[in-house]
Amino acid sequence: MKRISLTQYLVEEQRSNNSIPAELRLLIEVVARACKTISHAVGKGALGEVLGTADTENVQGEVQKKLDIISNEILLEANEWGGHLAAMASEEMESIHPIPNRYPKGEYMLLFDPLDGSSNIDVNVSIGTIFSVLKAPEGMAQPTEQDFMQAGTKQVAAGYAVYGPQTMLVLTFGNGVNCFTLDREMGSWVLTQSNMQIPPTTKEFAINMSNARHWHPPVQRYVNELLAGDTGPRGTNFNMRWIASMVADVHRILNRGGIFMYPADLRDTSMPGKLRLMYEANPMAFIVEQAGGAATDGQQRIMDIAPHKLHQRVPVYLGSKDEVARVTAYHQE
Ligand code: P6P
């Protein structure tokens, strides 16, 4: 079967519906190449002296892994000279990263979590890179954090790479979701799944059950009904998966349905959940919606949220749309 490369896909998409201007195509190809480099570093593990912690903390107060920093550097260095970006923002950096004055600036802004799932790095469980693309505001001179404060509906592209048994790249530009597998021998991304669709119903849920005693009542009710299975109001049994790498959990849901939940809980009302809006929830929400799924914070569509801080957190319920609708409805009762 003749498969096409990422480059051919991008060129044909641009030709057919003009949805990928040349600079956006360049941006995606640069990010895809950076993800190949990250995959290579991740794949070396102990042999590459890249495991373990870096003895530093990020803005989230989380101990950084060596690979967190290496992946962040790979994405910064790959993207700063091309002339397609005005600025970048990363989970691993407190403030935004303007393109250095020695390079030309472009009309896009790139946000990313360079390596999500850090707790899994040292134990060889799948991890990933998540990214989101916004347009720089018209006439923006020196970019500020405020320029990034755009709702998820303003994203022009989003994607993730998952470093698992295969290395895969999932992309959306707002007209469907496509998946590319890294051909390691050729070093190229090859289109392997087109127009991915999430089934509206599911028998599988993903949540960290160890937090159950801290959940608000709507989450307690929803999950208890799933656990009651065919003896309870749902009248059927459910299965649970929790990889503790959002990218891996979302990839499973894209392929076979499911609902992923990271609720806010009673432990710290100042911290609405664990996941970050700008470079985790928004890109994943864009991808999931483009695949026929849904993504809310329990009250509203994640992509409608008006951001106010670069690293703000948000509760996340995403995946099969009938289940997301149900758990969201419980929040509104
Ligand atoms: P917990 C990884 O650290 C992450 O940000 C997501 O990728 C993942 O879904 C979640 O946190 C796991 O959180 O509380 O189960 O360790």
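Quick notes
- Full-extension gain in nm, GLN299 to LYS44, via 0.36 nm per residue minus C-alpha separation: 87.6 nm
- With the simple spin-label model, which puts each label point 7 Å out from Cα in the Cβ direction, the THR201 to ARG213 separation comes to 3.6 nm.
- Only protein atoms count toward the accessible area here, which uses a 1.4 Å probe; on segment 37-174, the carbon and sulfur part of that area reaches 51 percent.
- The slack between ILE4 and THR231, meaning 0.36 nm per residue of separation minus the straight C-alpha distance, is 76.9 nm.
- Mean Cβ count within 10 Å, highest first, over the residues of peptides 148-155, 236-243, 194-201, 279-286: 279-286, 148-155, 194-201, 236-243
- Pairwise FRET efficiency - ALA22 versus GLN166, Cβ, R0 = 35 Å, nearest 0.05: 0.75
- For a label point 7 Å along the Cα-to-beta-carbon line of ALA325, residues of segment 228-261 with backbone N under 15 Å: none
- Sum of side-chain charges, LEU226 neighbourhood, beta-carbon under 12 Å (Lys, Arg +1; Asp, Glu -1): 0
- When you filter the trypsin sites (Lys or Arg not before Pro) in segment 36-112 for DSSP loop state and at most 10 other Cβ atoms inside 10 Å of their Cβ, you are left with ARG102.
- P(r) histogram, all alpha-carbon pairs of the chain included - 20 Å bins from 0, percent: 32, 59, 9, 0
- When the GluC sites (Glu not before Pro) in segment 47-103 are filtered for DSSP coil states and for at most 15 other beta-carbon atoms within 10 Å of their beta-carbon, the remaining sites are GLU49, GLU62, GLU94.
- The phi torsions of segment 253-259, fed into the Karplus equation with coefficients 6.51, -1.76 and 1.60 and a -60° offset, translate into couplings of 5, 4, 8, 9, x, x, 10 Hz, rounded to whole numbers, with Gly and Pro shown as x.
- Amide proton proximity set for GLY128, modelled H, under 5 Å, gap of 5+: ASP116, TYR163
- In plain terms, the C-alpha convex hull of segment 6-193 casts an average shadow of 11.2 nm² when viewed from every direction.
- Eligible lysines near LYS203 by straight Cα distance, threshold 27 Å, same-chain separation 8 or greater: LYS274, LYS321
- Approximate spin-label separation GLU138-ASN175, in nm, with each point projected 7 Å along Cα-to-Cβ: 2.4
- Coil-residue trypsin sites (Lys or Arg not before Pro) of segment 263-325, DSSP, other Cβ within 10 Å capped at 13: ARG267, LYS309
The values are calculated or read from the model by the stated rules, or taken from the named source; none is laboratory data. Quantities reported herein were computed from a predicted structural model and do not represent experimental measurements. All Cβ positions, even for glycine, are placed from backbone atoms using ideal geometry, and neighbour counts span all protein chains on display. We work out accessible area using only protein heavy atoms, side chains counted, and drop any ligands, DNA or RNA first. Shrake-Rupley method; radii C 1.70, N 1.55, O 1.52, S 1.80 Å.
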